[in-house]
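J.: Please find one structure pasted underneath; my questions will follow.
The values are calculated or read from the model by the stated rules, or taken from the named source; none is laboratory data. It should be emphasised that the depicted structure is a prediction, and the values quoted were computed from it without experimental measurement. Note that we place each Cβ from the backbone using ideal geometry, even for glycine, and neighbour counts take in every protein chain shown.
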Amino acid sequence: MIYYIVSAGIAFILSALISMKVISQKNNKNQEVLSMQTYILGTVIQLRATGKKSKVAIDKAIKRLYEIDDKMSVFKNNSDISKINKSAGIRPEKVSEDTYYVIKKAIQYAHLSQGAFEPTIRPLVKLYNFGNEGTRIPSKEEINKALKLVNYKDVIINDENKSIMLRNKDQSLDLGAIAKGYAADEVKRIFEGYGIKSAIIDLGGNIYALGKKADNTSWNIGIQNPLGSTGQYLGVLGVSNKSVVTSGNYERYFEEDGKRYHHIINPKTGYPCENGIISTTIISDYSIDGDGLTTCGYVMGLKYGFKLIENTRGVDAIFITSDRKVYVTSGIRDKFTLTNKEYLLQEYSLEEYYEKEVV
Ligand code: FAD
Ligand code: MG
């Protein structure tokens, strides 16, 4: 069975249409498999769990997802993030343990990527109006003004009382590139607490494959063809107990005069990232790391991003470029099968990656 990655783009359009859907089925071992689909975190949530306690596990997981949404959404007035943003340049805000943990992780990835992953990106994202109706191309002046507000080094963290402050007025945090990963890890923790041994957790393409399928084989995760329609995959990845997170330029975008403006922003230029990458997938143990690293990899590009992942222990990646080439790190080459003949699997050595720069 292939489990398709669901695009957050389509999720956005479907948001108003999706109410909670629950389906109960028996697998070929006569175990109950519960599947649930709903809309939280601004995306389509699909949970599928096997086990006697799957109903209560899914109920608890949904409750937890709402909690995380309440704490970390930039779209909710009373979230920890909105409080920090409103108090920017004024005072520190005490935040929940959850938000504190995710902000610390976000800063870690900002340091690791030297600011390619940029948790203070919100003033730029807001200019394009992603996440709301009426997306638009900002003027150069607007971009330049917003760029001055973007700097992760201005996030002041007080470890003693777990408070966060942004140094300057109008600065603004956005955990959109990492919080879904944390949420997936939390769902996994809850499922395991209820003895669930086989499940798929899909938070709008942020996937965790828990255990194995009923026939005791790995889950097959379809990797979205970034140039195809939603649900059309270009390859299959066999995994068990792994997070598989994808960032793509097709997830959330608008087009004007034939040009695509997508939601992954280059914090140096203020414009959507254009470095030849159209999708990055990270395979990791923890989804928070996968989510953080997909955005790092996407913005850093093939030359630096691929090298970063190849050199990070326990983490693997699939990078896809606009010229239809697929680059797979050494740890998962035997687990990934390219099925779309329009794409070419590139097997350069790391030394060659150092030389090659995609523009
Ligand atoms: P990723 O590729 O992982 O990250 C891209 C996102 O991160 C961008 O959308 C932007 O927000 C931010 N970003 C852009 N460039 C950078 C960069 N260089 N460094 C760091 N971050 C960057 N959407 C809604 O429309 N309505 C909602 O109510 C809503 N609520 C949400 C609540 C929460 C708690 C979260 C985490 C997200 C919410 N979203 C909402 C956002 C929505 O789900 C996004 O589409 C999603 O977060 C982006 O996920 P991704 O995996 O496609 O992107
Ligand atoms: Mg991400």
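J.: In region 69-85, which residue that is farther than 13 Å from Tyr100 by Cβ and among the hydrophobic types (A, V, I, L, M, F, W, C) is surrounded by the most Cβ atoms within 10 Å (Cβ to Cβ)?
T.: Val74
J.: Return yes or no: is Leu345 over 19 Å from the mean Cα position of the chain (by Cα), more than 14 Å from ligand 1 (Cβ to nearest atom) and without any contact (Cβ under 8 Å) to a residue 24 or more places away in the chain?
T.: On the way: over 19 Å from the mean Cα position of the chain (by Cα): yes; more than 14 Å from ligand 1 (Cβ to nearest atom): yes; without any contact (Cβ under 8 Å) to a residue 24 or more places away in the chain: yes.
The answer is yes for Leu345.
Let's see how each residue does on (1) away from ligand 2 (no atom under 16 Å from the Cβ); (2) over 21 Å from the mean Cα position of the chain (by Cα); (3) in a loop (DSSP other than H, G, I, E, B):
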| position | (1), (2), (3) |
| --- | --- |
| Phe117 | no, no, yes |
| Val125 | no, no, no |
| Glu141 | yes, yes, no |
| Lys145 | yes, yes, no |
| Ala184 | no, no, no |
| Ile200 | yes, no, no |
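J.: Now for a separate question. Taking the residues in region 168-199 that are on the phi < 0 side of the Ramachandran plot and acidic (Asp, Glu) as candidates, determine which candidate is surrounded by the fewest Cβ atoms within 10 Å (Cβ to Cβ).
T.: Step one: filter region 168-199 for residues on the phi < 0 side of the Ramachandran plot, giving 168-169, 171-194, 196-199.
From the residues that got through so far, the ones that are acidic (Asp, Glu) too are 174, 185-186, 192.
On the way: Asp174: 24, Asp185: 21, Glu186: 20, Glu192: 14.
Filtering first and then ranking leaves Glu192.
J.: Please go through region 273-287 and pick out each residue that is of a type outside the set (A, V, I, L, M) and free of Cβ contacts under 8 Å to residues at least 60 places away in the same chain. Let's see the steps before the verdict.
T.: First, pick out the residues of region 273-287 that are of a type outside the set (A, V, I, L, M): 273-276, 279-281, 284-287.
Across region 273-287, the qualifying residues are Cys273, Glu274, Ser279, Thr280, Thr281, Ser284, Asp285.
J.: Right, something else. Looking at the structure I just gave you, is Ser163 touching a Pro at 6+ places or on another chain (Cβ under 6 Å) and over 21 Å from Asn266 (Cα atoms)?
T.: On the way: touching a Pro at 6+ places or on another chain (Cβ under 6 Å): yes; over 21 Å from Asn266 (Cα atoms): yes.
Yes: the conditions hold for Ser163.
J.: Could you give every pair whose Cβ atoms fall below 7 Å, whose first residue belongs to region 108-137 and is of a type in the set (Asp, Glu), and whose second residue is not in a helix (DSSP H, G or I), counting only separations of at least 6 or pairs across chains?
T.: Pairs that qualify, where the first residue is of a type in the set (Asp, Glu) and the partner is not in a helix (DSSP H, G or I), are Glu118/Val150; Glu118/Pro267.
J.: Got at least one residue in region 224-242 being assigned to a strand (DSSP E or B) and free of Cβ contacts under 8 Å to residues at least 60 places away in the same chain? Full working, then the answer.
T.: Of all residues in region 224-242, those assigned to a strand (DSSP E or B) come to 224, 233-239, 242.
Okay, now just the ones that are also free of Cβ contacts under 8 Å to residues at least 60 places away in the same chain, so 242.
Checked against the condition, which is being assigned to a strand (DSSP E or B) and free of Cβ contacts under 8 Å to residues at least 60 places away in the same chain, region 224-242 yields at least one hit.
J.: Let me ask something additional. Can you tell me how many residues within region 156-167 are surrounded by 11 or more Cβ atoms within 10 Å (Cβ to Cβ), more than 26 Å from the chain's Cα centre (by Cα) and closer than 9 Å to Pro92 by Cβ?
T.: Applying the first criterion (surrounded by 11 or more Cβ atoms within 10 Å (Cβ to Cβ)) to region 156-167 yields 156-158, 162-167.
Subset that is more than 26 Å from the chain's Cα centre (by Cα): 158, 167.
Now restrict to residues that are closer than 9 Å to Pro92 by Cβ: 158.
Of the residues in region 156-167, 1 are surrounded by 11 or more Cβ atoms within 10 Å (Cβ to Cβ), more than 26 Å from the chain's Cα centre (by Cα) and closer than 9 Å to Pro92 by Cβ.
J.: Then there's this: What do you reckon, is Leu302 in contact with a helix residue (DSSP H, G or I) (Cβ under 8 Å, 6 or more places away or on another chain), of a type in the set (A, V, I, L, M), modelled with pLDDT under 95 and surrounded by fewer than 23 Cβ atoms within 10 Å (Cβ to Cβ)?
T.: Working: in contact with a helix residue (DSSP H, G or I) (Cβ under 8 Å, 6 or more places away or on another chain): yes; of a type in the set (A, V, I, L, M): yes; modelled with pLDDT under 95: yes; surrounded by fewer than 23 Cβ atoms within 10 Å (Cβ to Cβ): no.
It is false that Leu302 is in contact with a helix residue (DSSP H, G or I) (Cβ under 8 Å, 6 or more places away or on another chain), of a type in the set (A, V, I, L, M), modelled with pLDDT under 95 and surrounded by fewer than 23 Cβ atoms within 10 Å (Cβ to Cβ).
J.: Here is a further query. Sort through Ile90, Ile58, Ile68 and tell me the only one that's farther than 22 Å from Ala214 by Cα, at pLDDT 95 or above and part of a helix (DSSP H, G or I). Quick ask: steps written out before the conclusion?
T.: Details: Ile90 fails: part of a helix (DSSP H, G or I); Ile58 fails: farther than 22 Å from Ala214 by Cα.
Only one candidate passes the filter, namely Ile68.
J.: Just checking, how many residues over region 226-267 are more than 16 Å from ligand 2 (Cβ to nearest atom), over 25 Å from Gly331 (Cα atoms) and polar (S, T, N, Q)?
T.: Residues flagged as more than 16 Å from ligand 2 (Cβ to nearest atom), over 25 Å from Gly331 (Cα atoms) and polar (S, T, N, Q) within region 226-267 amount to 2.
A quick yes/no check of all residues on (1) polar (S, T, N, Q); (2) more than 11 Å from ligand 1 (Cβ to nearest atom); (3) at pLDDT 95 or above:
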| site | (1), (2), (3) |
| --- | --- |
| Ser247 | yes, no, no |
| Tyr253 | no, no, no |
| Asp257 | no, yes, no |
| Lys268 | no, no, yes |
| Asp285 | no, yes, yes |
| Gly290 | no, no, yes |
| Leu293 | no, no, yes |
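J.: What pairs come out if I take residues in region 288-300 that are among the small types (Gly, Ala, Ser) and pair them with residues that are near ligand 2 (Cβ under 8 Å from one of its atoms) and assigned to a helix (DSSP H, G or I) whose C-beta lies under 9 Å away, six or more apart or interchain?
T.: Gly290/Gly181; Gly292/Gly181
J.: When residues of region 93-107 are filtered for being in a helix (DSSP H, G or I), surrounded by 16 or more Cβ atoms within 10 Å (Cβ to Cβ) and not β-branched (Val, Ile, Thr), how many remain? Talk me through it step by step, then tell me what you get.
T.: If we filter region 93-107 for residues that are in a helix (DSSP H, G or I), which is where we start, we get 97-107.
Still in the list and also surrounded by 16 or more Cβ atoms within 10 Å (Cβ to Cβ): 98-100, 102-103, 105-107.
Next cut, not β-branched (Val, Ile, Thr) only: 98, 100, 105-106.
The qualifying residues number 4.
J.: Can you spot a residue in region 327-337 that is modelled with pLDDT of 95 or more, within 16 Å of ligand 2 (Cβ to nearest atom) and within 15 Å of Ser243 (Cβ to Cβ)?
T.: no
J.: Right, next: For region 147-169, what are the residues that are touching a Leu at 6+ places or on another chain (Cβ under 8 Å) and either under 12 Å from Leu124 (Cβ atoms) or within 16 Å of ligand 2 (Cβ to nearest atom) (or both)?
T.: Passing the criteria: Leu147, Val150.
J.: Which ones in region 310-345 are among the charged types (D, E, K, R) and either buried (at least 18 other Cβ atoms within 10 Å of the Cβ) or farther than 19 Å from Cys296 by Cβ (or both)?
T.: Pass one, region 310-345, residues among the charged types (D, E, K, R): 310, 313, 316, 323-325, 333-335, 341-342.
Asp316, Asp323, Arg324, Lys325, Arg333, Asp334, Lys335, Lys341, Glu342, listed by residue number.
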